[in-house]
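Worksheet: one structure, shown below.
The values are calculated or read from the model by the stated rules, or taken from the named source; none is laboratory data. A quick note: this is a predicted structure, and the numbers were derived from the prediction, not measured. Here the Cβ positions follow ideal geometry from the backbone for every residue, glycine too, while neighbour counts run over all protein chains shown.
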Amino acid sequence: MSLCKKIEDINRADDPLVEIKSTDLMSLPNILDKSIQEPPLKRLTEEQKQQYEGSLDGFVAIGLPRPKSKQEEEEFIRKFLNGLEKLFIKENNWTFLQPLVHSLEYCVKCQLCSDSCPVYVASGRKEIYRPTFRPELLRRIINKYVKKQRAWVAKLTRSDIELNSTVIGRLAELAYRCTLCRRCTQVCPIGVDNALVSREIRKLFSQEMGIAPREIHELGTVQQLKVGSTTGITPPALEDIILFIEEEIKEKTGKEIKIPFNKKGADVLLLHNAGEFISWPENIEAFAILFDAANIRWTLSSELGGYDAVNYGVWYDDVQMARIAVKHAQVAKELQVKKINVGECGHAHKAFIVIADRVLTGDLNIPRESAFPFLENLVLSGKIRLDPNRNNFPVTLHDPCNIVRLMGIVEPQRRILRKICPQFMEMEPHGVDNYCCGGGSGFAIMGGRNFPDWRVHISGRMKLKQILEAFENVKKPEIKKYVCAPCSNCKGQMRDLISTYGLQEKYGIRYGGLVELIVNAMADIEKPFIEWEA
Amino acid sequence: MRILLAIATYFAYIFIIFMYSIKLKKYLRLPLHLRTEVYPVIPGDQTPKERSYYEDPDWWTRPQRHHLLQRVWFLFSDYFLLREYFRRDRSYWLFLYPWHIGFILIIIFHILCFFGALASLLGIPVAAGSPSIFGNAIYGLTLAAGVISFISGLFGSIGILIKRLTDKGLRNYATPQNYFTYILLLAVFLSGLYSWYFDPVFSVYRNFWKGLITFKPIDVEPATASHILLFAFLLIYLPFTRSLHYITRLFGFLLIRWDDKPNLRGSVLEKKVDEMLNLKISWNGPHVKPDLTWKEIASEAIVREKKQVSK
């Protein structure tokens, strides 16, 4: 039952405020004349309910402990209000002040953005997930507690929200129910960015109160800055992994490739998401095979911070974002490379190439580019002999939001697929209008409590629907189908969607990157590079 | 009465110009921000429209593309089309469009009244069949702008009010102030229509403006007086609403949504970025050291962490 029908309901004591039921969710298409089986949603245990703030929708992303005393609650509110004020101070928030002010001051709440949000639609249009809900809640809190509107003005603007730890906790959780895909931003005729407001709320909690999901902060940016990678891989461990990868390449292709490390003056420093080293080493292998075949003067780095392209800071914290971007640039500077190439990782593209563009200056301002146009150049140049018949199976492309809508790189990956995959088919919508995989903005790595259930069932639901619809005409499980997801986070989400709904066993659907398809088409490699086993 | 009408009009115009200038100045003085563009950033480009310069290998070696005119044209033309509303919510567009057109035309109507009065004072007859093309044009345009504005605005105001009240998603987010704005605009358009009934070619209105320009206010009949007062009140009230979005929308797109200007080494932009990086922060999170500049805090991690690893 949804007890939250309007903003003011955020003050209600009900726990949860909105109950998510499988039956309310957007329906999925039938495949092979059977409805997709809906696994039950995991509920919080009584103990978890007591321990964490989960009263928004019965899911916990952050794991915010409830205050134990009145004094603790007052301190919590005070810190929150301090942080809120800092969001509007130039020195503290020059980074996003103008977009934030624009979005808070000029949204006319026409709700044009609502149906562009996959979370809102997939949830069965739950009010709390409407893209305008959190900004409006924040706006009303600001009116009352920062602008200190008089009582009669507050009535005129409906800003009579009573601030307590539950409301603040719900707001914090709410900021982690938006994947920051910014589809809502794209359709706004006034230029309002409601997704940015979600990120600004996250930032306030992190930069002022030290509150952020553990997977993103402690195990994420903090660990990356400390040991070199969010995966925990240290520089010596990386060298072992690379040895393993070289052996794998030999076994799969017969090629003896020595992966270059820390080559000073190389043309290209390739930055991978370190998740690939552990979960998808075939992606690293494919890049190495391809670069070797094309005689590229490239290198990887085993320096601290030089082998993990991720920058989780873009999801929640400007300070951490800046630190990581500087660290990446520092590694490239020391190696004296001509340029940095970001591999198949969407948010790393956006973070390092676009956002850090106004963080890196002087000798840290080293040219940075996406792997996609680079790969396109290799594929279309004819340097490598490719046989498209090796990829003669249905392939669809999932567009990572960070690469298409937030960077405008749309065609290079398509030109590659059109050349090497005879059965390439688009999912709808695609390109800059794509839907998020549901794992964006850190969701794919947030595995605490029951949050993964929310991610798979709600934020990933629209993508699941798109995939099933894309393969509508090739339903049979005997027909092997490939979802090309050229981004580590997206792949993590695909893995969970496919396994939760049994798509590989039942319908022959698997996922992988782009570069694997290129190597799979290489004519001088005897065995298929892509393995279809579950 | 004529003094009241004149003072109200003078004050309203001075007030709105003053308040809008302050608000715009404040908006435009907001600092440089990190890039946060959303694609497509080149509206109307069909080759294909979504592409960015990041699709080019070694993009930094290629000449930068400029699309300012294309972008400005798109934004201005959208005032008269409201493309996204038409595309995504036709029933809302049906009322929003006439409402917006009514608002734009009422502003144009008053500007034309002013120029009509000025022309008349300069000896150019402003009337149908005037020997001056300019006088003829001003006459016709004023009449058209006024009549279309009042009818369209009235239809839109009623429609948008009904839509806000009946659509759950809109109603839940509407404030008493929103409803007041709708009703005020409705009254302004209605009074305009009412004044037109008594002043079918707006000659009284033009004469009122002549009086304002020459500081010799004149009396007008009650219908026109009610419209003048309501319109003056609207001008005073607008700065307290979100109405500036008519203008800030342009900057929201040009300076934020479509701002894809790269920070090339040695550029003016790079200097501006450096200035921002030298600002001191005061966040209190446990991982943030306050009172350091952005530049210090970003590079401090490297030094500190390197020391830790080497231990």
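Here are a few things to note about the model shown:
- Residues within the range A:115-145 that are more than 21 Å from A:Leu180 (Cβ to Cβ), touching a Leu at 6+ places or on another chain (Cβ under 6 Å) and part of a helix (DSSP H, G or I), tallied: 1
For (1) in a loop (DSSP other than H, G, I, E, B); (2) in contact (Cβ under 8 Å) with a residue 40 or more places away in the chain; (3) of a type outside the set (A, V, I, L, M), each residue gets a yes or a no:
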| position | (1), (2), (3) |
| --- | --- |
| A:Leu464 | no, yes, no |
| A:Ile467 | no, yes, no |
| A:Ile479 | yes, yes, no |
| A:Pro486 | yes, yes, yes |
| A:Gln504 | no, no, yes |
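- Given (1) more than 10 Å from chain A (Cβ to nearest Cβ); (2) farther than 24 Å from B:Pro262 by Cβ, number of the condition B:Asp89 does not satisfy: (1)
- Among the residues listed as A:Thr179, A:Thr157, A:Thr132, the single one being touching a Ser or Thr at 6+ places or on another chain (Cβ under 6 Å) and within 14 Å of another protein chain (Cβ to nearest Cβ): A:Thr157
- Looking at the range A:244-361, the helices (runs of 4 or more DSSP H) lying wholly inside it that each contain 2 or more residues that are among the hydrophobic types (A, V, I, L, M, F, W, C) and buried (at least 23 other Cβ atoms within 10 Å of the Cβ) sit at A:281-293, A:313-316, A:318-335.
- Within the range A:53-72, the residues that satisfy the criterion of being hydrophobic (A, V, I, L, M, F, W, C) and farther than 13 Å from A:Ala212 by Cα are A:Leu56, A:Phe59.
- All conditions but one from (1) facing chain A (nearest Cβ under 8 Å); (2) touching a residue at least 12 places away in the same chain (Cβ under 8 Å); (3) among the aromatic types (Phe, Trp, Tyr) apply to B:Phe15; the one that does not is (1).
- In the range B:126-174, the residues that are in a helix (DSSP H, G or I), among the hydroxyl-bearing types (Ser, Thr, Tyr) and either more than 25 Å from B:Gly192 (Cα to Cα) or modelled with pLDDT under 95 (or both): B:Thr166
- With respect to (1) among the polar types (S, T, N, Q); (2) more than 20 Å from the chain's Cα centre (by Cα); (3) surrounded by fewer than 19 Cβ atoms within 10 Å (Cβ to Cβ), the lone exception for B:Thr9 is condition (3).
- Within the range A:211-241, considering residues that are among the aliphatic types (A, V, I, L, M) and surrounded by 24 or more Cβ atoms within 10 Å (Cβ to Cβ), the one nearest to A:Gly313 (Cα to Cα): A:Ile216
- Of all residues making up the range A:63-78, the number that are touching a residue at least 24 places away in the same chain (Cβ under 8 Å) and in a loop (DSSP other than H, G, I, E, B): 4
- Only one entry of B:Ser130, B:Ser149 meets the criterion of being closer than 27 Å to B:Phe95 by Cα and of a type in the set (Gly, Ala, Ser), and that entry is B:Ser149.
- Sole residue being in contact (Cβ under 8 Å) with a residue 12 or more places away in the chain and under 26 Å from A:Asn295 (Cα atoms), chosen from A:Phe261, A:Phe205: A:Phe261
- Residue list for the range A:272-294, filter: without any contact (Cβ under 8 Å) to a residue 60 or more places away in the chain and touching a Ser or Thr at 6+ places or on another chain (Cβ under 8 Å): A:Ala274, A:Phe277, A:Ile278
- Matching residues in the range A:244-257 - criterion: being touching a residue at least 12 places away in the same chain (Cβ under 8 Å) and under 21 Å from A:Ala294 (Cα atoms): A:Ile245, A:Glu246, A:Glu248, A:Ile249, A:Lys252, A:Thr253, A:Gly254, A:Lys255, A:Ile257
- Given (1) on the phi > 0 side of the Ramachandran plot; (2) surrounded by fewer than 19 Cβ atoms within 10 Å (Cβ to Cβ), index of the condition B:Phe202 fails: (2)
- Number of positions in the range A:104-115 that are closer than 22 Å to A:Phe443 by Cα and within 8 Å of chain B (Cβ to nearest Cβ): 2
- Restricting attention to the range B:226-236, the residues that are surrounded by fewer than 17 Cβ atoms within 10 Å (Cβ to Cβ) and either not hydrophobic (A, V, I, L, M, F, W, C) or not assigned by TED's automatic domain parsing to the domain that holds B:Leu185 (or both) add up to 0.
- Checking A:Val483, A:Val456, A:Val515, A:Val432 one by one, the residue that is under 25 Å from A:Val310 (Cβ atoms), crowded, with 19+ Cβ neighbours inside 10 Å, more than 19 Å from the chain's Cα centre (by Cα) and outside the structural domain of A:Met26 (by TED's automatic domain parsing) is A:Val515 and no other.
- Whichever residue in the range A:369-402 is at the interface with chain B (Cβ under 9 Å from one of its Cβ atoms) and in contact (Cβ under 8 Å) with a residue 24 or more places away in the chain and, among such residues, is farthest from A:Ile324 (Cα to Cα): A:Glu376
- Against the test of being among the small types (Gly, Ala, Ser) and out of contact with any Leu (no Cβ under 9 Å at 6 or more places or on another chain), the options B:Gly159, B:Gly135 yield a single qualifying residue, B:Gly135.
- Subset of the range A:230-243 that is without any contact (Cβ under 8 Å) to a residue 60 or more places away in the chain and assigned to a loop (DSSP other than H, G, I, E, B) - its residue that is nearest to A:Leu335 (Cα to Cα): A:Thr234
- The range A:403-416: number of residues that are in a helix (DSSP H, G or I), more than 7 Å from chain B (Cβ to nearest Cβ) and farther than 15 Å from A:Glu428 by Cα: 3
- Scanning the range B:68-96 for residues that are surrounded by 16 or more Cβ atoms within 10 Å (Cβ to Cβ) and not aliphatic (A, V, I, L, M) yields B:Arg71, B:Phe74, B:Asp78, B:Glu84, B:Tyr85, B:Arg88, B:Asp89, B:Tyr92, B:Trp93, B:Phe95.
- Candidate set: the range B:248-285, residues that are of a type in the set (Lys, Arg) and facing chain A (nearest Cβ under 7 Å); chosen: the one surrounded by the most Cβ atoms within 10 Å (Cβ to Cβ): B:Arg257
- Members of the range A:310-355 that are at the interface with chain B (Cβ under 8 Å from one of its Cβ atoms) and among the small types (Gly, Ala, Ser): A:Ala322, A:Ala325
- Count of the range A:506-528 residues which are part of a loop (DSSP other than H, G, I, E, B) and either out of contact with any Pro (no Cβ under 9 Å at 6 or more places or on another chain) or of a type in the set (Ser, Thr, Tyr) (or both): 6
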